[in-house]
Each structure stands twice: as structure tokens, then as C-alpha cells.
Amino acid sequence: MKTAIVLSGGGSKGAYEIGVWKALQKLHIDYDIVTGTSVGALNGAFMVQKKLKPAEWMWDHINFNMVFSQFEANYNTFGGQVKILKHYLDGILFHGGTDVSELERTIKKYIDIKQFYKSKIDYGLVTIDFTDLKALELQKKDIPAHLLCDYLMASATCYPAFQKKEIGKHQFIDGGYYDNLPINLAIKLGARKIIAVNIGKSGKMKPVLDSSVEITLIEPRNDLGSFLIFDQKLSQRAKTLGYNDTMKVFKKCEGNLFTFKLHQLKKFVKKYYVLLQTELNLLIEQINSDVVIPEKGYYHDLLYPKNQEEKQRIFLEIIEELGSKFHVDETLVYQEQTFNKALKTNFLKEVKEKKGLLDLGFMIDQLKKGSDKNVVLLTLYNKILEMKHDTIDKVFLSSTFLFQKEFIEALYLTLLK
């Protein structure tokens, strides 16, 4: 049974695919076919060569200078963002797209053409012949060696952001306008088992023609940013997330937005779930011992889970949302203790920074405005601590039914030692 790797287009987010490849190597998953569109075609050429290190080095060091000749900009600054926007707009409005000849030189520097054709791994890419207005699915045998880099660029020419690629008398544009995730091309090449990596939110995707083919889909669970921003740190982050997501898909790690070592969710649940239920029940009973918990809501879900899997799902949602709210590093692989330590450090820092704002009046004001949800959460946290050491505020407890999720998250934060 032939296995194919299928790589989508996605511009500067392509480092994610290199992270996937690195994970597949770690898992000893081999492949016979690679198909790709746009940046997926470029990364696919590396995969045919079976040379991870050059591809990894290129993506680890990517910047605007490797794409555009003599252009630098820091997207982290407002001035840099304006400069980048002007560069693209100038290319689109006055030059038929930005000139990416520097990217072509970069690709030629890293693609080993002899190794590509020597490899037994089959290959295909998608591009569009803009001159004839037709899509092309080109197989390895169809691409002359001296034109390989030209067709790689043809597939990756994201027009109108980039200038059209000329090959002979024809002009070509990005294959993503026809099929951004060329699964069907891999099937045509004989694949019966496919690992498809989809990093592109834009671009067309063709329906799979053969439903009997086994397909494993890997997609980013975190936002990778703009596909037109070429930056080392963003690229390295995307590569790490690609690696982590692949490990999660193949059940070597767990989590969604964050990555945890195997069996850590069971540890979270074992250590905190009953404690969280008990604390919530005690607080609810302070309102009225006969209070009925509505069937729809976070309180009911937490107190009456259907099974162990439901417990883990609920708990994962709680900790990951807290991790996102308090900017816990999403690229690391965590255990229960290391995640909670990072979470506690970050939220206590924010408590200290916003200490003067954490009162119910300001919380209600923020709820009305919807502007600072962390102030709401941290105010609840402070109020729960006060009630644990002082008198119970029944009016406040009754009001928590209006924002159950935030209250449960705040309650969990009070449990961290």
C-alpha cells in the first residue's frame, strides 16, 4: 500500500509542514509519494530528496530578504507593518505583483535537483497556466530537470501579491486557485494511504474522488498568523506547532491548543476534578441547598459528566482557555505540574498589575463593554478567595450563574498551590 504526503499552500506558514515532516521522521513513518501546491510544492520537493536539515535551516532563518531583494521590515512594530503593507500594495498596483526573484534564488540554493530525480519517491504539483487559463497537475516525470525550480515557483506564485511566473511564452500563477490540497493528484499517483497537511485557509479544495482511501488530516490548531509575513520567530513557532500537532494526531501527545505528554489529562482530572466539583457544590449550597442547576450550562456539565472522557474534555477546555487568556507558551510540551506552574506565574503577575482594578463595580463595567475579560476572571478569583477567608456573599454567588465558565475557571485558579 503506497503512502503519500499531501501538502497545501499557505505562504510563510510553510514552516508548519516542516515540523510535521520532522515528527513523521521521529515516528518512523515513511512515504512513497509527495504532492503539493504552492509552498507545499516547495516543501514537497525537499521531502522527495529526504533532506530535512536544509529545509529546516531555511525555514528557521527565513526573512523578507530571502523572498524580496534588499527588503527588510519588522512586523512587530507599527512602522514595520506599514512598510510591509506599502511594499505589497506597490507591487500589486504598479508592477503586477511583488518581485519574488530572490525567493527563486533561495529555492535554487536549497533544492538538490540531482537528488530529487534520483529519489524513488514520486512527486506531483499543481499550478495554473494563466496564459491558457487552465490548471496543470504535473507529475515528476512531466517536469524537465532544468525547469524544476521554475515549476516550483509557478506553483507558489501567489498572484496578485506576487508577480506571475514566466516559463517560455506562458505565465503561471499559484495552484491554490485550482486545488490547494492535491489529495486527488496523490491518488492518481497510486496512493492508498494519505497524510494530508492543510495550512491554507484560502484557496480551493477539491472533493476527494475515492472515499476508500485512508486519509489522516493534520491542521494547525493555533493561529499561525499572516501567510505574507516572513519572520524567523514566527516560522520557528509554526515549525514547532506542526511537530506538536502531528504528535497529537498520532496519539503520542494529547491536548488541543496546548500539548501535554501522554496521560497528563488523567492526572489533571484525578488531582483536581473532584476537588473542583466539591468546591463548586459548597458554594452553590451557600445560595440555597435546594437550588436546581440548569441542564444547559458549565455548572451542570462539570457536576454531572457522562463518563471519564467527558471529564477530560471539560477539564482540557478549562485549562486551555486559561492558558490562552494568560499567554502560557503554546509551543512547549507540558506535564500537569509544569503547565500549572506557568499558568500560576502568569495569572499572578496579571493580578499584581491590575490589583487596583479588581472590584465588582469595575468588573460589571468591563462586562458591559466586553473589553477586558481577564479583569472579570481575576475579580472573580479575588472574590472567591475573600469568601474562603471571610463571610459568604450570597448575592454575588447568585450572580455567578450569569458567567459560569469564568467562575469555574476562577475557582480552578484558587486551587493551584
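Within the range 342-352, does at least one residue satisfy the condition of being of a type in the set (K, R), buried (at least 17 other Cβ atoms within 10 Å of the Cβ) and within 18 Å of N374 (Cβ to Cβ)? Can you show your working first?
First, the residues of the range 342-352 that are of a type in the set (K, R): 344, 349, 352.
Still in the running and buried (at least 17 other Cβ atoms within 10 Å of the Cβ): none.
Taking every residue of the range 342-352 in turn, none turns out to be of a type in the set (K, R), buried (at least 17 other Cβ atoms within 10 Å of the Cβ) and within 18 Å of N374 (Cβ to Cβ).
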### Task
Can you tell me which residue within the range 51-64, out of those that are of a type in the set (F, W, Y) and surrounded by 16 or more Cβ atoms within 10 Å (Cβ to Cβ), is nearest to the chain's Cα centre (by Cα)?
W59
### Task
Kindly list, by first and then second residue, each pair from a residue in the range 73-92 that is in contact (Cβ under 8 Å) with a residue 60 or more places away in the chain and open to solvent by less than 80 Å² (accessible area, probe 1.4 Å) to a residue that is part of a helix (DSSP H, G or I) and aromatic (F, W, Y), limited to pairs with Cβ atoms under 8 Å and residues at least 6 apart or on different chains.
I84/F64
### Task
Tell me which residues, restricted to the range 246-279, are surrounded by fewer than 17 Cβ atoms within 10 Å (Cβ to Cβ) and touching a residue at least 40 places away in the same chain (Cβ under 8 Å).
F250, K252, N256, K266, K267, K271, L275
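Any residue in the range 108-116 that is farther than 19 Å from C149 by Cβ and out of contact with any strand residue (DSSP E or B) (no Cβ under 9 Å at 6 or more places or on another chain)? Before you say what the answer is, go through the steps one by one.
From the range 108-116, those farther than 19 Å from C149 by Cβ are none; that's our starting set.
So far as the range 108-116 goes, no, none of its residues is farther than 19 Å from C149 by Cβ and out of contact with any strand residue (DSSP E or B) (no Cβ under 9 Å at 6 or more places or on another chain).
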### Summary
So, first residue among the small types (G, A, S) in the range 125-139, second residue surrounded by fewer than 19 Cβ atoms within 10 Å (Cβ to Cβ) and in a strand (DSSP E or B), Cβ within less than 9 Å, six or more apart or across chains; the pairs are A135/D129
### Message
Of all residues being open to solvent by 10 Å² or more (accessible area, probe 1.4 Å) and not basic (K, R) in the range 16-37, which is nearest to K141 (Cα to Cα)? Just the residue, please.
### Response
D32
### Residue ranges of strands (runs of 3 or more DSSP E) in the range 163-220 with at least 2 members open to solvent by 20 Å² or more (accessible area, probe 1.4 Å) and either within 14 Å of G40 (Cβ to Cβ) or in contact with an Asp or Glu (Cβ under 9 Å, 6 or more places away or on another chain) (or both)
165-167, 170-174
### Task
Select, from V67, V48, the only residue that is touching a strand residue (DSSP E or B) at 6+ places or on another chain (Cβ under 8 Å) and either touching a residue at least 24 places away in the same chain (Cβ under 8 Å) or open to solvent by 70 Å² or more (accessible area, probe 1.4 Å) (or both).
V48
### Task
Identify all residues within the range 280-297 that are crowded, with 17+ Cβ neighbours inside 10 Å and modelled with pLDDT of 85 or more; write none if there are none.
L280
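The values are calculated or read from the model by the stated rules, or taken from the named source; none is laboratory data. Because the structure is a prediction, the values reported are computed rather than measured. Note that each Cβ is placed from the backbone with ideal geometry, even for glycine, and that neighbours are counted across all protein chains shown. To get the accessible areas, we keep the full protein, side chains included, count just its heavy atoms, and leave off ligands, DNA and RNA. Shrake-Rupley method; radii C 1.70, N 1.55, O 1.52, S 1.80 Å.
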